[in-house]
């Protein structure tokens with residue numbers, strides 16, 4: 001298994017990697033049409049609107065109808081990319097996604113921004129069960145990417161998937177964790193540390209990949225070996241890599257910016273159990289609770305257990321290590337840089 | 001196509017007869033939907049719809065029985081297939097699904113069809129097919145679903161003039177008459193307020209429906225067809241549940257005799 005190179009924190013950030021990638025793809029894919037539920041700039045598709053106004057459709061704040069329209073467009077050979085925040089593209093039109101998109105297995109790309117508690121906007125705006133909802137649907141591919149490099153590559157990578165896709169994206173300033181020569185894989189979860197054999201297999205997706213890497217740095221300094229695996233595709237899950245990493249480690253930890261029910265943690269638990277691979281499993285994520293509105297996402301990550309220190313402490317206790325776990329000190333970046341909490 | 005009134009009236013009766021025969025083996029089923037909507041399906045399949053060109057959306061999937069019957073009458077499907085309606089393993093499921101023949105799109109979950117119909121009309125516009133019409137069958141109970149009005153607003157905004165809705169206003173839903181559950185009136189005024197042309201008419205006057213379907217439009221158009229779930233079958237008891245009619249063997253026999261006699265007139 002080849003290790004993927006990663007950059008060092010604090011990470012440089014970019015804006016609108018998704019919006020730029022969609023415009024690039026649409027240049028040579030005339031079947032792509034872009035739908036928005038009144039969140040055009042927030043979903044980076046003001047770029048698409050400027051470039052391809054004739055292929056841009058305002059659906060307004062009417063997500064159920066937007067999904068139904070998208071399904072019909074797909075039936076006519078078009079490839080709709082549907083945009084809103086993750087709560088509004090999954091929770092609200094779930095029955096429409098089931099009947100108009102997933103069951104007929106149409107190539108609709110549902111893009112949900114502002115995942116989990118990256119939004120300080122409270123439970124109405126925090127998509128903490130979007131992965132669970134989408135993962136439960138037959139035919140659906142579910143993706144939660146970590147950084148700008150993978151975001152940009154994911155757009156082109158999903159274009160040729162025959163069925164529907166849910167793409168979950170961070171909003172705003174997007175960190176660059178992977179170098180330019182990195183290649184996203186929709187088939188294989190990727191090893192981000194040196195060895196497969198370790199004390200802890202840390203399987204992370206989306207915004208929890210950066211904290212997972214920082215956790216490895218902290219634990220390695222204390223003599224605990226950590227294997228970090230980047231799992232951008234929650235479904236279909238690369239069970240081969242999951243089992244290889246888990247089998248080569250003493251304990252398994254999953255990390256996701258999502259409820260621990262129904263997302264990556266559940267998918268890994270199912271995989272381990274069905275393979276008969278007995279490993280202590282700890283699931284980092286929202287512990288079956290709604291979060292709250294606040295001023296900053298950093299506050300919420302700390303309050304709801306998504307920080308590097310939480311990951312370090314969880315590994316420490318799962319391994320029964322003696323004494324106090326080491327303190328995590330993710331490097332503080334400048335205002336235009338990104339560092340996990 | 002010129003509406004031929006006697007022919008269309010006969011087609012509506014034939015749709016009722018086929019629906020009775022499809023429901024009879026089970027002894028119950030979605031017969032009321034076919035009885036109330038027979039003239040709407042007769043007008044579309046007999047006088048307006050061009051196979052291979054136009055599109056049909058059946059929003060309430062329970063009505064697909066009427067589409068099957070109309071298609072068998074007009075040669076779009078093999079009439080022998082109707083015998084499998086609702087049976088185990090049949091492609092002619094009683095509530096329409098993805099694999100249902102005849103309509104281009106059938107929804108089982110109510111209130112979703114107009115969005116698809118609007119999507120078809122937008123696709124035709126984007127892809128340069130001005131000749132294509134989209135006919136969407138809806139029911140009045142569906143107007144309780146918010147998505148219908150999202151779609152109505154969307155279609156009105158984009159002035160989807162190739163979209164025509166046939167709204168079966170049969171005042172019937174599972175819990176009882178629609179107007180005893182929620183007040184949906186004034187229906188025509190609602191659609192007009194959303195940017196549609198609306199006609200309010202006797203839904204059992206097939207010639208009137210056909211004439212409306214032939215009119216030119218600059219906006220999306222809804223035909224509010226006032227109907228009864230027992231129309232055309234006088235042998236049904238007056239308290240028959242329009243959503244899910246019970247049709248025991250003796251009643252089925254009487255119904256078949258009544259409709260066969262009507263066709264022979």
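No lab work stands behind these numbers, since they all come straight from the coordinates. Predicted model only: the values in this text are computed from it and were never measured. Every residue, glycine among them, receives a Cβ derived from its backbone with ideal geometry; neighbour counts consider all protein chains shown.
Summary table below
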item: Rounded to 10°, Cα long-axis angle of helix A:209-221 versus longest principal axis of chain A; result: 10 degrees
item: Shielding score for B:145-152, defined as the mean number of other chain Cβ atoms within 10 Å; result: 5
item: Gaussian network model of chain A, springs between alpha carbon atoms under 10 Å - residue of A:85, A:290, A:301 with greatest fluctuation; result: A:290
item: Long-range tail of P(r) for segment A:190-320 (Cα pairs > 24 Å, %); result: 21 percent
item: Measure of compaction for segment B:5-264 (Cα Rg per 2.2 N^0.38 Å); result: 0.94
item: Per residue convex hull volume, Cα atoms of segment A:1-72, in Å³; result: 168 Å³
item: At 1.002 mPa s and 20 °C, Stokes diffusion of segment A:46-93 via Kirkwood alpha-carbon radius, µm² per second; result: 186 µm²/s
item: Top of B:87, B:112, B:40 by mean-square fluctuation, Gaussian network on chain B, Cα under 10 Å; result: B:87
item: Using alpha-carbon coordinates, inclination of helix B:5-23 to the longest axis of chain B, degrees; result: 60 degrees
item: Sorted by Cβ neighbour density within 10 Å, fewest at the top, the residues A:170, A:303, A:16, B:190; result: A:303, B:190, A:16, A:170
item: Computed P(r) (all Cα pairs; segment A:13-175; 5 Å bins; percent); result: 2, 10, 21, 25, 24, 14, 4, 1
item: Segment B:79-192, relative contact order [Cα under 8 Å, separation at least 6], %; result: 20 percent
item: Most mobile listed residue (B:209, B:65, B:77) in chain B, GNM with C-alpha springs under 10 Å; result: B:77
item: Directionally averaged projected area (convex hull, Cα atoms, chain A), nm²; result: 15.8 nm²
item: Computed over the protein assembly as shown, Kirkwood Rh from alpha-carbon pairs, angstrom; result: 26.3 Å
item: For A:208, A:66, order by how many other beta-carbon atoms lie within 10 Å, fewest first; result: A:208, A:66
item: Helix-only [θ]222 nm of the protein assembly as shown, DSSP H runs n ≥ 4, -39500 (n - 2.57) each, per residue, nearest 500; result: -10500 deg cm²/dmol
item: Shielding of B:101-114 by partner chains, average beta-carbon count, 10 Å; result: 3
item: For peptides B:179-187, B:221-229, A:276-284, sequence by mean Cβ density within 10 Å, most packed first; result: B:221-229, A:276-284, B:179-187
item: Neighbouring partner chain Cβ atoms per residue of A:57-64, average, 10 Å criterion; result: 5
item: Degrees separating the helix B:146-157 axis from the principal Cα axis of chain B, which is the longest one; result: 50 degrees
